[in-house]
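In what follows, a structure is listed as structure tokens, so that the remarks can point back to it.
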Amino acid sequence: DLVESCRDDPMISFALAPHSPYTISDPTMDRVAEVSEQQGLPVHMHVLETAWEIQKSQEQHGVYPLERLDRHGLLNERLIAVHMTQLGSADIERVADAGARVVHCPQSNLKLASGFCPVNDLLDAGITVALGTDGAAANNDLDMLAELQSAALLAKGVAGKADALGAVEALEMATLSGARALGLDKTTGSIEPGKQADLCALNLRQPETQPLHNVISQLVYAASARQVTDVWVAGRRVLDGGALVTMD
């Protein structure tokens, strides 16, 4: 009923968000899959975050987590799989074939020693990879610019290649790919005619981002959240010179 009542509101979108395969029962999985298909809603779920999760799935259900999701109709183009640090090559192929999307949360994975998401392999397989923070208990500052830098640096270390996940690719993960992962790429994620005026301005005249030879490189490798000056959401200014407009 709530989804239907807000169907025409461009500022509200919905997703089903069962926490993870190991916290929900088979009947709940079936119900989530049913509602997702009926309403066309994405399913946001923490998947393959830790090695423990795989062991627990084998003990409780006798199958690998991705296999269980597939059995219950959840491994498809509506799945937003968060973390995905415990992936093999066969898993990547399976995710690509299903059209599922991945959200990479590098700082959370580092803090909890969960493992490393194979971002470059996922991108090479044509999978949409977006950038996330995870919750405050696992990340603390929820700083997307810090997450952006961590993702770009970590991908190079994991791949053993200094040119892995370049600045342009990393920035796309934080913007347009994020919109794609949420099914909102026709509305936001890039600055172009026909999309919402969702804009974020940074002051790159600070010492941290000088000298300015390449704007995208500075945004990814040097800029910080303290340099964000103004933000507009659908053309409405919500941050003005560093001050919140909508609340005290």
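Think of a 1.4 Å ball rolled over the protein heavy atoms: the chain then has 52 Å² of accessible area per residue. Quick check: from the Cα gyration tensor, does segment 192-248 come out rounded (a/c under 1.5), prolate or oblate? Oblate. Under 5 Å from the amide H of A15 lies no amide H of any residue 5 or more positions distant or on a separate chain, with H modelled from the backbone and absent for Pro and chain starts. Within the full protein context, the accessible area of H19 is estimated at about 90 Å² for a probe radius of 1.4 Å. Using label points projected 7 Å from each Cα along Cα→Cβ, tell me how many nm separate Q38 and I24, to one decimal. Rounded to a tenth, the inter-label distance reads 1.4 nm. Estimated translational diffusion coefficient (Stokes-Einstein, Kirkwood radius over Cα pairs, 4 °C, 1.567 mPa s) of segment 136-240: 87 µm² per second. With label points built 7 Å along Cα→Cβ from the Cα atoms of V228 and N203, find their separation and express it in nm. Each label point is offset 7 Å from its Cα along the Cβ direction, giving 1.6 nm.
Taking all Cα pairs closer than 8 Å and separated by 6 or more residues, the relative contact order of segment 71-165 comes to 25 percent. Taking Cα atoms only, the orientation of helix 144-159 departs from the longest principal axis of the chain by about 60 degrees. For segment 41-55, backbone phi angles converted through the Karplus equation (6.51, -1.76, 1.60; θ = phi - 60°) give residue-by-residue couplings of 9, x, 10, 9, 8, 6, 10, 6, 7, 9, 5, 4, 4, 5, 4 Hz, Gly and Pro being listed as x. Let me check I've understood the local charge: for A151, count other residues with C-beta under 13 angstrom from its C-beta, Lys and Arg +1, Asp and Glu -1. What total comes out? Neighbourhood net charge equals -4.
Report relative contact order for the chain in percent, whole number only (criteria: Cα-Cα under 8 Å, sequence separation at least 6).
12 percent
Sequence-ordered 3J(HN,Hα) estimates for segment 216-222 from the Karplus curve with 6.51, -1.76 and 1.60 and θ = phi - 60° stand at 5, 4, 5, 4, 7, 9, 10 Hz, glycine and proline given as x. Can you list the residues of segment 217-239 with backbone N under 14 Å from a point 7 Å past the Cα of L142, pointing along Cα to Cβ? From segment 217-239, the list is empty. For V103, nonlocal amide neighbours, meaning residues 5 or more places apart or on other chains whose placed amide H falls under 5 Å from its own, are A81, V82, H83, A130.
A Cβ-based charge dipole, computed about the Cα centre of the chain with Lys and Arg at +1 and Asp and Glu at -1, lands at about 460 debye.
Near A234, once Lys and Arg are set to +1 and Asp and Glu to -1 for all other residues with Cβ below 12 Å from its Cβ, the sum equals +1. Dividing the convex hull volume of the alpha carbon atoms of the chain by its residue count gives 150 Å³ per residue. Across the protein chains, with a 1.4 Å probe defining accessible surface, the residues L239, L165 rank L239, L165 from largest area downward.
Of the solvent-accessible surface of segment 90-248, computed with a 1.4 Å probe over protein heavy atoms with every protein chain present, carbon and sulfur atoms account for 55 percent. If we count every other residue with Cβ under 10 angstrom of H83's Cβ, Lys/Arg +1 and Asp/Glu -1, where does the sum land? Its environment carries a net charge of -3.
Roughly how many debye, to the nearest 20, is the charge dipole of segment 168-242 about its Cα centre, given +1 on each Lys and Arg Cβ, -1 on each Asp and Glu Cβ, and no other charges? Dipole size: approximately 160 debye.
Look at where the Cα atoms of segment 101-149 and of segment 52-91 average out, and the two centres are 18 Å apart.
The values are calculated or read from the model by the stated rules, or taken from the named source; none is laboratory data. All values reported here derive from a predicted model rather than from experimental measurement. Every residue, glycine as well, gets a Cβ built from its backbone with ideal geometry; the counts of neighbours run over all protein chains shown. What goes into the accessible areas is simple: the full protein's heavy atoms, side chains included, and nothing from ligands, DNA or RNA. Shrake-Rupley method; radii C 1.70, N 1.55, O 1.52, S 1.80 Å.
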